[in-house]
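The structure under discussion appears below in the form of C-alpha cells.
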Amino acid sequence: MSIGGHDRKGAWRRALATAVAVTVMAAAGAASADEALSLKGKKIGVAVVGTQHFWDREAFNGAVEKVKELGGEVLPVDGGRDNQVHADNHDVFLTNKVDAVISILGDAAVEPKFKALQEKGVPVFTVDHLSPYAINNTTSDNYYIGTTIGRYLADSLGGKGKVAFFNAFENSLRICGIRAQLAKYVLKDYPGIEIVQPELAEAFANAPEDARKKTLDLLTQYPKGTLDAIHVACWDQPAIGVVQALEEAGRTEIKVTAVDAGPDTLEIIAEKDSPFVANVAQQPHKIGATSAENVARYFAGEKLLPQTFVDVVPVNGPEEAKKVYAELGYGKLD
Amino acid sequence: MSALATPGGRALSAAVVSAVPLLVFLALLAYFGARAPGFLDPATLILILKQAIPTAVLGVGLSFVVIGGGDDVVAGGIDLSVPSIAVLSAAIIADQLAFHGTGTLAAVLLGFMAAVAAGLCNAVLVTRIGMTPLLATLASSTAFIGFSKLVTANRRIDLSDPLIVTLRDGTVAGLPLGLLAATALIVIAIAAVHRSRWGLRLQAVGGNRDAAVIAGLDARRFVAQSFLIAGVFGGLASLFVLARGSGSTPGVAETLLMETVLATFLGAAFSPRRVVTVWGAALGAILVSALSIGFGSVGVDVFWTGCVKGGLILVVVAAAAVARRSRT
C-alpha cells in the first residue's frame, strides 16, 4: 500500500465519520421535531372502507395507533368493505364534532361527505384517495408501482404473449388508474404482448373467491397455450383466487403479477415454482401512521404538501419475496 | 307457562313480544344519546333522515307486496327483489348517462322501464305461474343483479349529472330536496294504501284472501298490482341510490336488502295491530338509519352492527309470527 493510499483511506474515514455524524444529527433533529408533534386533546375520526384485508386493516391500525401515541382520541368507523357504508360513516364525524378526519380509501361517494366536513371546518386527511376537499393525501408512490409491475410483467412473459387484466377500478379509483395505466404504458414498448379484451372486473368485496370463479371461466375460454399471464392491476387479494384457480386447473404455467404484497401474498410468491412471480410491496401501516403524523403537523401549523408518498419495495421472484417478508417485519419464510 | 296457554295470556304475551323490537330500538337510541353527545342534535336527525331515504322508498315498495299478499313470511307477500330492481335501474341510468350520451330524462325513463318490467316479471311468476313469492323474487333478484352487472361490466360508474347532484345536494327552504321528494312519495303511497278504496281492498286481500274472494274481489289482480308497484318504487329508489352514491356501484343491493326487510317488518311494531304498513316501513327505515349512525358514534365494530341488525330482523319477524298466531 502506498502512502497516498493511506491518505485516501484516511480521507474516506473522515468523510464517513462526518456523514455518520450528519445523519445522526439529522435523525435527532427529525426525532425532536416528531417529539413535538402532539394530538393531545384532539378527537380524530378514522374511517376505513374495510378491515378484512391486510392492507386496509394495517393502514387503519397505523393511523389509529399513531393518533393514540400522539395523545389523541380516536373515533373509528369501518365500512365493512362497502364503499357506500364507508361514505355514510363520515356522517358520524359530523355529529360527533371531531377535530379532524383521516379517511382511508373510498370512492367518489365520499366526496359530498368531505365537502360537508370542510364546510363545518373539519380538516380531512385522506389515505389512497385524492380529493379536492382534503388537506393531504398520504399514499404509496403509485407511479413507481405502475411502471415497475409493468416491467416485471413484461419480463415474466419474456417480452411476448397474452395477458388478462383484472382491472375493475381503473376509472373509478384514481390510485388504480395510475397503477393500471402506467403498467400499460410500459407494455406499449413490447409489441409482442397483447392484453386480452374485454378486461376482467373483480368484485370489491370477497375478491379472492370472485376472482377464482372468474379465472376458472377464463381458463375454459383460453385453453392451454393461448394465455400466458394474469395481472391484477390495482391490488392482490384477487390474485389469491387466481392462483387457486390455476392450481385447480393445472395451469400453473400462467404467470401471475399483482400489487400490494402483504404477508398473505408474499407467502404465495415465496413458494417453490409458484405461478405468482412478481408484486410491489406497500407499507400500509407506515402510510396510516404518516397520515396521522400529518394531522399533527397540520395542527402544529406546518404547511403540508398535497401528497405525501411512502416508499414501496419491488418483489421479483421467490427469493426477493422471502427477503421483503423479513424486511417489512412479517417474520421469516424458509 | 300456564298463563301462556290461555287465549288471554297468549294475547298478552303476543303484545309483549311484538313490542320487543321497538323497546330494543328505543333503548339503543337512549344509549347512543347518553354515550355520544352529538347524537341528539337536530343536525344528526337530518343526517339520519337523509341516510334513510333509499331504504324508506324501497321499504314502502315492499310494504305494498306484504300488505297485498299477507304477512306470512313464507306463504304471504314478500318481494326480496325490490333492492335489486333499484340497483338494475340505477345501473341502466348510470350507463346511459355516462357512456351513451343519453339525455337525463331518456336515461331515467329507460331505467324506469326496466324497473316496471322487473315488477311485471315478478307479478307473472307469482300470480300466473304460481310460484311462492319468497322463491320467485329470490330467483328474480339474482337475475336482476346479474343483468345490472352485465350493463355495468361489474364496474362503478361515477355520475355528476345535474339531476343526480340536485337530488343529493339541493335544498328547499333549508331542507334537503331528496328528503322532501322522498316524503312526497311516501305520503302518496300512504294515501293510496290507507286512504283509498283500492288500498282498503288491497288490505282486505292480504288480511284474509278467502273472505276477499267471497266478497267478489279478484285477489290475483291485486297481488299482481302490488308487485308492479313494488317495481315502480324500485325504479324511484334508484334515483336516490344514485344520488347517495354519486353514481352506481356494484354490490350495494345486499346491504339495501337487509335494511329494507328490517325496516319494513320493524315498521309493523308501530301499528296497533302489529301489521306491516306503509308509514311503518318509512319509520322503520329511519330507525335503521339511526342505528347505523348510533353504532358508529359509539365506535361499535361494523361486524357487530351487522350481527345486531341481523338479530333484530329475527326478533322482528318472530314478533310478527307470534302476533299473527295470536290473531288467528
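No lab work stands behind these numbers, since they all come straight from the coordinates. Since the structure is predicted, the reported quantities are computational estimates derived from the model, not experimental observations. Virtual Cβ from ideal backbone geometry, glycine too; neighbours counted across all protein chains shown.
Starting from the 7 Å offset along Cα-to-Cβ, what nm value, one decimal, do you get for the label separation of A:T220 and A:L304?
In this crude spin-label approximation the distance works out to 4.9 nm.
Of the residues B:S289, B:S246, B:S141, which exhibits the maximal mean-square fluctuation in a Gaussian network model of chain B defined by a 10 Å Cα contact cut-off?
B:S246
Would you mind ranking B:W198, B:W279, A:W235 by Cβ crowding within 10 Å, fewest neighbours first? List each step's numbers first, then the result.
On the way: B:W198 12, B:W279 18, A:W235 26.
So the ranking, lowest neighbour count to highest, is B:W198, B:W279, A:W235.
If r is the Cβ-Cβ distance from B:A143 to B:A192 and R0 is 22 Å, what FRET efficiency results, to the nearest 0.05?
Details: r = 28 Å, r/R0 = 1.28.
Given R0 = 22 Å and the Cβ-Cβ separation, E is 0.20.
If the only charges are +1 at each Lys and Arg Cβ and -1 at each Asp and Glu Cβ, what is the size of the charge dipole of the stretch A:81-157 around the Cα centre, to the nearest 20 debye? If you can, show how the numbers build up before the last one.
On the way: 6 positive and 10 negative charges, 24 e Å.
Once rounded to the nearest 20, the dipole reads 120 debye.
How big is the charge dipole of chain A about its Cα centre, in debye rounded to the nearest 20, if each Lys and Arg gets +1 on its Cβ and each Asp and Glu gets -1 on its Cβ? Mind dumping the intermediate values first?
Numbers: 35 positive and 44 negative charges, 196 e Å.
Value, rounded to 20: 940 debye.
Kindly provide the helix-only [θ] at 222 nm of the protein assembly as shown, computed as the sum of -39,500 (n - 2.57) over DSSP H runs of four or more divided by all residues, to the nearest 500 deg cm²/dmol? Before the final figure, lay out each step's value.
On the way: 25 runs with 412 residues, N = 662.
It lands at -20500 deg cm²/dmol.
Taking the dipole about the Cα centre of the protein assembly as shown, with the C-beta of Lys and Arg at +1 and of Asp and Glu at -1, give me whichever of A:A36, B:A143, B:I129 is farthest to the positive side.
B:I129
Which entries in the list A:K286/B:K50; A:K43/A:K115; A:K68/A:K323; A:K113/A:K184 go over 26 Å, if you measure between the two C-alpha atoms of each?
Values: A:K286/B:K50 36 Å; A:K43/A:K115 19 Å; A:K68/A:K323 31 Å; A:K113/A:K184 33 Å.
Beyond 26 Å: A:K286/B:K50; A:K68/A:K323; A:K113/A:K184.
Can you tell me the dipole magnitude for the stretch A:146-227 around its Cα centre, using point charges on the Cβ only (Lys, Arg +1; Asp, Glu -1), in Debye to the nearest 20? Can you show the working numbers first?
Working: 11 positive and 9 negative charges, 32 e Å.
The calculated dipole for the stretch A:146-227 is roughly 160 debye.
In what sequence do A:T51, B:T260 fall when counting other Cβ within 10 Å, fewest first?
Working: A:T51 21, B:T260 31.
Taking fewest neighbouring Cβ atoms as first place, the list is A:T51, B:T260.
Got a sec? Charge dipole of the protein assembly as shown, +1 on Cβ for Lys and Arg, -1 for Asp and Glu; which of B:P54, A:L333, B:S248 is way out at the positive end?
B:P54
For a footprinting-style exposure proxy, rank A:V74, B:V60, B:V298 by other Cβ within 10 Å, fewest first.
Numbers: A:V74 20, B:V60 33, B:V298 16.
Ordered from fewest to most neighbouring Cβ atoms within 10 Å, A:V74, B:V60, B:V298 come out as B:V298, A:V74, B:V60.
So which residue, out of B:L135, B:L175, B:L23, gets the largest mean-square fluctuation from a GNM of chain B using Cα contacts under 10 Å as springs?
Evaluated over chain B, the most mobile residue of the options is B:L175.
Ignore the peptide's own chain and count Cβ atoms of other chains within 10 Å of each Cβ in A:43-53; give me the average, rounded.
On the way: counts 0, 0, 1, 0, 1, 1, 0, 1, 3, 1, 0.
Other-chain Cβ atoms within 10 Å of each residue's Cβ, averaged: 1.
Once a ≥ b ≥ c are taken as the square roots of the eigenvalues of the Cα gyration tensor of the stretch B:2-327, is the result rounded (a/c under 1.5), prolate (a/b larger than b/c) or oblate (a/b not larger than b/c)? Write down the numbers at each step before the final one.
Details: a/c = 1.84, a/b = 1.17, b/c = 1.58.
Oblate is the answer for the stretch B:2-327, as a/c is 1.5 or above yet b/c matches or exceeds a/b.
Would you please calculate the Kirkwood hydrodynamic radius of the protein assembly as shown over all C-alpha pairs and express it in Å, rounded to one decimal? Don't jump to the answer; show the numbers that get you there.
Values: mean 1/r = 0.0367 Å⁻¹.
About 27.2 Å, per the Kirkwood formula over Cα pairs.
For A:V127, list long-range residues whose amide hydrogen, built 1.01 Å from N in the peptide plane, is under 5 Å from its own amide hydrogen.
Correct list: A:S103, A:I104, A:L105, A:T138.
Order the peptides A:65-73, A:281-289, B:40-48 from the highest to the lowest mean number of other Cβ atoms within 10 Å of their residues.
A:281-289, A:65-73, B:40-48
Once you order the gyration tensor axes a ≥ b ≥ c over the Cα atoms, which shape class does chain A get: rounded for a/c under 1.5, otherwise prolate or oblate by comparing a/b with b/c?
On the way: a/c = 2.19, a/b = 1.14, b/c = 1.91.
Oblate is the answer for chain A, as a/c is 1.5 or above yet b/c matches or exceeds a/b.
Work from the charge dipole of the stretch B:2-327 (Cβ charges, +1 for Lys and Arg, -1 for Asp and Glu, about the Cα centre) and give the residue of B:L80, B:L291, B:V223 farthest towards its positive end.
About the Cα centre, the residue reaching furthest to the positive side is B:V223.
Where does the charge balance sit around B:R201 when Lys and Arg score +1, Asp and Glu -1, over other residues with C-beta under 15 Å from its C-beta?
Charge balance near B:R201 sits at +3.
Show me B:217-224, A:175-182 ranked by packing, highest mean number of other Cβ atoms within 10 Å first.
Highest-to-lowest ranking by the protection proxy: A:175-182, B:217-224.
Please list, by residue number, every one of the GluC sites (Glu not before Pro) in the stretch A:214-287 that is coil in DSSP and has at most 14 other beta-carbon atoms within 10 Å. Please list the in-between numbers first.
On the way: sites: A:E247, A:E248, A:E253, A:E267, A:E271; in loops: A:E253, A:E271.
Passing sites in the stretch A:214-287 are A:E253, A:E271.
I'd like the Karplus ³J(HN,Hα) series for the stretch B:106-123: coefficients 6.51, -1.76, 1.60, θ = phi - 60°, whole numbers in Hz, and an x wherever there's a Gly or Pro.
5, 4, 4, 4, 4, x, 5, 4, 4, 5, 5, 4, 5, x, 5, 4, 4, 4
Averaged across the residues of B:146-157, what count of C-beta atoms belonging to other chains lies within 10 Å of each residue's C-beta? Don't jump to the answer; show the numbers that get you there.
Working: counts 0, 0, 0, 2, 0, 0, 1, 5, 8, 9, 11, 3.
Per-residue shielding by partner chains comes out at 3.
Name the residue, out of A:D107, A:D189, A:D236, whose mean-square fluctuation peaks in a Gaussian network model built on chain A with Cα pairs under 10 Å.
A:D189
Report, as an integer, the average count of C-beta atoms from other chains found within 10 Å of each Cβ along B:290-296. If you can, show how the numbers build up before the last one.
Working: counts 0, 0, 5, 8, 2, 3, 15.
Average neighbour count from other chains, rounded to a whole number: 5.
Check the protein assembly as shown for me: any Cys whose beta-carbon has no other cysteine beta-carbon within less than 4.7 Å?
Lone cysteines by the Cβ rule: B:C121, B:C307.
Determine, for each peptide in B:228-237, A:110-119, the mean count of other beta carbons within 10 angstrom over its residues, then list the peptides with the highest first.
On the way: B:228-237: 26.7, A:110-119: 19.7.
With the highest mean Cβ count within 10 Å placed first, the list reads B:228-237, A:110-119.
Which value, in Å to one decimal place, does the Kirkwood hydrodynamic radius take for the stretch B:234-280 when every pair of different Cα atoms is included? Walk me through the numbers on the way to the answer.
Values: mean 1/r = 0.0831 Å⁻¹.
Here the Kirkwood hydrodynamic radius works out to 12.0 Å.
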